[in-house]
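Taking it in order: structure first as structure tokens, then the write-up.
What follows is calculated from the coordinates using simple rules that are stated; it is not laboratory data. Bear in mind that the values here come from a model prediction, so they are computed numbers and not experimental data. Here the Cβ positions follow ideal geometry from the backbone for every residue, glycine too, while neighbour counts run over all protein chains shown.
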Amino acid sequence: MVLALPAACAAGNYADGFAADLIRAGRADVVVTGAGGGNSRASVSGFVRLAAMAPERCQPFDLNRQGLLLGEGAGMLVLESEAHAERRGSKLIAEFGGYGLSCDAYHITRPHPDATGSIAAMRSPRSCDRDSFLGTFNSSMLHGTGTRHNDAAEAKVVRDVFGDRRIPVSSMKSMIGHCMGAASAIEASRCIFTTRNGYLPAHGRLRDAHPACDIDVVAKFRAIGSL
């Protein structure tokens, strides 16, 4: 069975979640899941016309952030049931705990200012319990596009869901750009490397944090044990 789930920059997460559902429902023992993204003249010109493209650099959560930059890439995972992994003598490197889905349907390009959709997804019964996070979540990563509306909404999500608990976060887009459909798939892979290596990857290009983004952005590599 081959399935394609077109869900823009959430496509990789949708694919991973559906793959886990297939395995837990007993419909598959192993699923190869992920997403890829490439650029085109249409995509570049589209974001320029939306005034969402930064002129020089992507600076998520920074006071002087001016938008996103496009990148290209892909991220793939192999998900399998624990029983199947044991039968073939595989060494497991991570466990898929859960996920949440939502949509605020507020605007075609920007989230609701109260971040209602993202908060609903994070609080979904299918999501991991917040106390199970190893001091980090979604790729020690937020979406972090570097746009004014997205960054402020995401910072609100972190404060609303985790309260006074300072969760260290970062954004890959500050270094590799926005890889569109592949974005969340790449971030899922980076989550695994983070927990295996024991270090939270640094967030690039943060100089002056915006007051609306009062969250713990990882400016330098940080050991998980030091949290």
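Some points to look at:
- Residue exposure sequence - PHE61, PHE221, PHE162 - by fewest surrounding Cβ within 10 Å: PHE221, PHE162, PHE61
- Cα pair distances exceeding 22 angstrom across region 17-97, given as percent: 51
- Within-9-Å neighbourhood charge of ALA202 [Cβ basis; K, R +1; D, E -1]: +2
- Within the listed set SER40, SER189, SER171, the residue fluctuating most in the Gaussian network model of the chain (springs between alpha-carbon atoms under 10 angstrom) is SER40.
- Relative to one another, the C-alpha centroids of region 191-227 and region 36-111 are positioned 17 Å apart.
- Ranked list, fewest to most other Cβ atoms within 10 Å of each Cβ, for THR145, THR33, THR109, THR194: THR109, THR194, THR33, THR145
- Using the average count of surrounding beta-carbon atoms within 10 Å as a protection proxy, the listed peptides 180-187, 88-95 rank, highest first, as 180-187, 88-95.
- Of the three principal axes defined by the Cα atoms of the chain, the extents in descending order read 53, 43, 29 Å.
- Set of aspartates and glutamates with alpha-carbon distance to LYS156 below 13 Å, sequence-local pairs under 8 removed: ASP114, ASP164, ASP214, ASP216
- Whichever aspartates and glutamates have a C-alpha closer than 19 Å to that of LYS91, once near sequence neighbours (fewer than 8 apart) are set aside: ASP29, GLU80, GLU82
- Computed from the C-beta positions of ALA8 and ASP114, the FRET efficiency with R₀ = 25 Å rounds to 0.75.
- Per-residue ellipticity at 222 nm, computed for the chain from helices alone with -39500 (n - 2.57) per DSSP H run of at least four residues, works out to -9000 deg cm²/dmol.
- Distance between the pseudo-spin-label points of GLU56 and ALA74 (7 Å out from Cα toward the beta carbon): 3.5 nm.
- Within a Gaussian network of the chain (alpha carbon springs, distance under 10 Å), most fluctuating of ARG87, ARG65, ARG166: ARG87
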